[in-house]
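J.: I have a structure here, written as structure tokens, and I will follow up with some questions on it.
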Amino acid sequence: MRKKIIAGNWKMNKNHNEAVELINTLKSGIDTDKSDVVVCVPFVDLMSVSEAIKGTNINLGAQNMHFEESGAYTGEIAPSMLKELGVKYVIIGHSERRAYFGETDEIVNKKVKKALEHNIVPILCVGETLEERELNITIELVRVQVKKAFAGISKEDAKKVVIAYEPIWAIGTGKVATKEQAEEVCAEVRKVVAEVYGQDVADIVRIQYGGSVTGDSANELFNMPNIDGGLVGGASLKEDFIKVVNY
Ligand code: PGA
């Protein structure tokens, strides 16, 4: 039985004071028994949020990292820096990083590998645009994204990766995928993992759905057989996140 994993992606929201305020609002209401709960906060909030979640089972996550250990990469953050702050998860290849910051499947692959090397769990994002969905190439596209992201990753490491299927047309639009649409692609993602690593790995890997998840839609989505939780943007910045987690 796979344990659900629900992660909040705060994106570029909340300064370090606001972050503590939000965590304090959320932490008493969140049920961390049923699911693994992660908050992926801006880099500058990591320190204060790590303090604020002490004594809870909420896990700390980052939204990005560089694939090099250190060096002349102005403005970037190294995996060891995250590790030092208690970061357990890192979002890799979010569609906003791919679209606005030029992250390719190759870069995503390097980052997934590097996160694993540092024992940080990558939350690998894949998903199609509206145009790609209308062209009926969602499945092929997502299969390629998954295969490329996992290139060169061992079977043991593959088990640790969390995959987030996030249709880009559903992100921040309020247009949540239907549970059938989400399930179809999540099942396909599991199939690709099985083809590459075997059914035993596919049975372990957790696959989230992301895209306009709210407290009202969480239950039906997370109860689908191949959906093991969610990556939640907008709703993770509000008390609604409690409802999502306690779905
Ligand atoms: P959303 O964002 O829940 O606001 O649609 C999800 C995401 O981008 O991870």
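J.: If you go through the range 215-246 one residue at a time, how many are in a loop (DSSP other than H, G, I, E, B), touching a Leu at 6+ places or on another chain (Cβ under 9 Å) and surrounded by fewer than 22 Cβ atoms within 10 Å (Cβ to Cβ)?
T.: Selection size over the range 215-246: 2.
J.: Before we move on, is ALA52 more than 16 Å from the ligand (Cβ to nearest atom) and either surrounded by 14 or more Cβ atoms within 10 Å (Cβ to Cβ) or in contact (Cβ under 8 Å) with a residue 60 or more places away in the chain (or both)?
T.: When the stated conditions are applied, ALA52 passes them.
J.: Among the residues of the range 205-214, write down those that are buried (at least 19 other Cβ atoms within 10 Å of the Cβ) and within 16 Å of the ligand (Cβ to nearest atom).
T.: ARG206, ILE207, GLN208, TYR209, GLY210, GLY211, SER212, VAL213 - these are the residues of the range 205-214 that are buried (at least 19 other Cβ atoms within 10 Å of the Cβ) and within 16 Å of the ligand (Cβ to nearest atom).
J.: Looking at the range 178-214, which of its residues are over 24 Å from MET1 (Cβ atoms) and either touching a Lys or Arg at 6+ places or on another chain (Cβ under 9 Å) or not β-branched (Val, Ile, Thr) (or both)?
T.: Result: GLN181, GLY211, SER212, THR214.
J.: May I pose another question? Can you find a residue in the range 208-215 that is more than 29 Å from ALA158 (Cβ to Cβ) and touching a residue at least 24 places away in the same chain (Cβ under 8 Å)?
T.: Yes, that holds for at least one residue.
J.: Moving to a separate point now. Give the number of residues within the range 139-159 that are closer than 14 Å to GLU106 by Cβ and part of a loop (DSSP other than H, G, I, E, B).
T.: Final tally of qualifying residues: 4.
J.: Consider LYS34 against the criteria (1) closer than 19 Å to TYR209 by Cβ; (2) buried (at least 21 other Cβ atoms within 10 Å of the Cβ): it satisfies all of them except one. Which criterion is unmet?
T.: For LYS34, the exception is condition (2).
J.: Next question, about the same structure. Which numbered condition in (1) of a type outside the set (S, T, N, Q); (2) under 21 Å from THR129 (Cα atoms); (3) within 10 Å of the ligand (Cβ to nearest atom) is the only one that LEU237 fails?
T.: Here LEU237 clears every test but (2).
J.: Could you please give the count of residues in the range 172-204 that are within 16 Å of VAL142 (Cα to Cα) and either part of a loop (DSSP other than H, G, I, E, B) or within 10 Å of the ligand (Cβ to nearest atom) (or both)?
T.: So the answer is 1.
J.: Something else now. So which residues in the range 118-138 are part of a helix (DSSP H, G or I) and among the hydrophobic types (A, V, I, L, M, F, W, C)?
T.: Answer for the range 118-138, where residues must be part of a helix (DSSP H, G or I) and among the hydrophobic types (A, V, I, L, M, F, W, C): just LEU130.
Table: residues versus (1) polar (S, T, N, Q); (2) in contact (Cβ under 8 Å) with a residue 60 or more places away in the chain; (3) under 26 Å from ASP228 (Cβ atoms).
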position	(1), (2), (3)
LYS3	no, yes, yes
ILE6	no, yes, yes
LYS11	no, yes, yes
ASN15	yes, no, no
ASN24	yes, no, no
ASP31	no, yes, yes
LYS34	no, yes, yes
CYS40	no, yes, yes
LEU46	no, no, yes
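J.: Quick check on the range 185-197: of everything there that is among the charged types (D, E, K, R) and in contact (Cβ under 8 Å) with a residue 24 or more places away in the chain, which residue is nearest to LYS160 (Cα to Cα)?
T.: Top of the filtered list is ARG190.
J.: Moving on. Taking the condition in contact with a Pro (Cβ under 9 Å, 6 or more places away or on another chain), within 16 Å of the ligand (Cβ to nearest atom) and without any contact (Cβ under 8 Å) to a residue 40 or more places away in the chain, does ARG133 pass?
T.: yes
J.: If you don't mind, there's one more thing I want to ask. Taking the conditions exactly as written (farther than 24 Å from ILE227 by Cβ, within 16 Å of the ligand (Cβ to nearest atom) and free of Cβ contacts under 8 Å to residues at least 60 places away in the same chain), does PHE101 satisfy them or not?
T.: Answer is yes for this residue.
Each value in this text was obtained by applying a stated rule to the coordinates, not by laboratory testing. Computed from a predicted structure; not experimentally measured. Positions of Cβ are backbone-derived with ideal geometry, glycine not excepted, and every protein chain shown enters the neighbour counts.
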